Every structure is written in structure tokens, then in C-alpha cells.
Amino acid sequence: MSDTGTRIRRGDTIRVTAGKDKGKEGKVIRAFPPDDSAKKKKPSRLLVEGINIIVKHKRAQPQANISPAAQKAQSGRIEMEAPLYTSKVALVCPQCGKATRIGVLTDESGERYRACKVCGKSVD
């Protein structure tokens, strides 16, 4: 289906099912594949708009001998989204509006498509 190890894709709307942002909904910005090469395997993760906000503290750069791009970089407390594991989210079906699991079905022509487990309609 996809090389990210999950059936959730970029652009899908998801609902968080566990953690500090439980119940919030957002759109998937990026999907990261699982890391099988590491000593301890890491499952696939998603970067979701407005969910799992972290604060990075960035020090101001001295003005001498740095590039113009670095001079324009923002300093201080910068809020940004961090990836979260796919096991903590569920796809929101665009047809029925409920958080659901996803199945993969084939149509008459042999094409595979994602289907909602609640209403049975196509998610794509």
C-alpha cells in the first residue's frame, strides 16, 4: 500500500486516541517510515498539523561572520510540531466522520483502495 508502514497518508485527517492531545484532530503533514535498521525498532510516525507541539529554545547568533540566512533565523522560544507514533492515532473517515481503522479492499478491476471499517466506504 505505502512504504511508510502505515495506511495513513499525507493529507489525511486523524484523531489522537492517546496522550496529552487526546481527542484533537489534525491533518497529516508528513509520514515517516518505521526504522528497522536501529538496534531497537521504531514504529512509523506522523507529523500532524497543530498536534504534539513542543518548544525549542534557540539562542540568537552573533552578527559577525555568519550567512544572511542565519541572521534572519528566529531566536527565542520556537513552537513546532513533533512526530507522534501511528499507534496513538486513528483516521477520521471523510464519509461518516468517525475515527476508524482502515482496511484495504480490491475493486472489480483489481485496483486496491482504502476502506473505512465503520461504514465500509472508500477513504480515497
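Suppose every Lys and Arg Cβ carries +1 and every Asp and Glu Cβ carries -1, with no other charges. What dipole size does the chain come out with about its Cα centre, to the nearest 20 debye?
Using Cβ point charges on Lys, Arg, Asp and Glu, the chain gives about 620 debye.
E25 to A73: FRET efficiency via 1/(1 + (r/R0)^6), r the Cβ-Cβ distance, R0 22 Å, to the nearest 0.05?
After rounding to 0.05, the efficiency reads 0.10.
Please compute the modelled spin-label separation between R59 and K39, points set 7 Å along Cα→Cβ, answer in nm with one decimal.
2.9 nm
Identify, among S109, A82, T6, the residue whose Cα sits farthest towards the positive end of the charge dipole of the chain, taking +1 on the Cβ of Lys and Arg and -1 on the Cβ of Asp and Glu, with the dipole about the Cα centre.
The Cα lying farthest towards the positive end belongs to A82.
What FRET efficiency comes out for E49 versus C96 if R0 is 25 angstrom and r is the Cβ-Cβ distance? Round to the nearest 0.05.
Given R0 = 25 Å and the Cβ-Cβ separation, E is 0.70.
I want to verify a result. In a Gaussian network model of the chain, Cα cutoff 10 Å, which of these has the top mean-square fluctuation: A69, A60, A90?
Among A69, A60, A90, the largest GNM mean-square fluctuation belongs to A69.
With Cβ to Cβ distances under 9 Å as the rule, what net charge do the other residues near V104 carry (K, R +1; D, E -1)?
+3
So what's the gap between the Cα centers of region 50-124 and region 8-36, to the nearest angstrom?
5 Å
Beyond a 26 Å Cα-Cα separation, which of these cross-linked pairs lie in this structure: K58/K88; K22/K56; K27/K121; K42/K121?
Over 26 Å apart, Cα to Cα: K58/K88; K42/K121.
Among E25, E108, which comes first, then next, by fewest other beta-carbon atoms within 10 Å?
Ranked by crowding around the Cβ, least crowded first: E108, E25.
Quick check on the exposure proxy: order V118, V123 from fewest to most C-beta atoms within 10 angstrom.
Details: V118 14, V123 21.
Listing V118, V123 from fewest to most nearby Cβ atoms yields V118, V123.
Read the figures in this text as sums done on the coordinates, not as results from a lab. Note that the structure is predicted; figures quoted are calculated from it, not measured. When we count neighbours, we look across all protein chains shown, and the Cβ atoms used for this are built from the backbone with ideal geometry, even at glycine.
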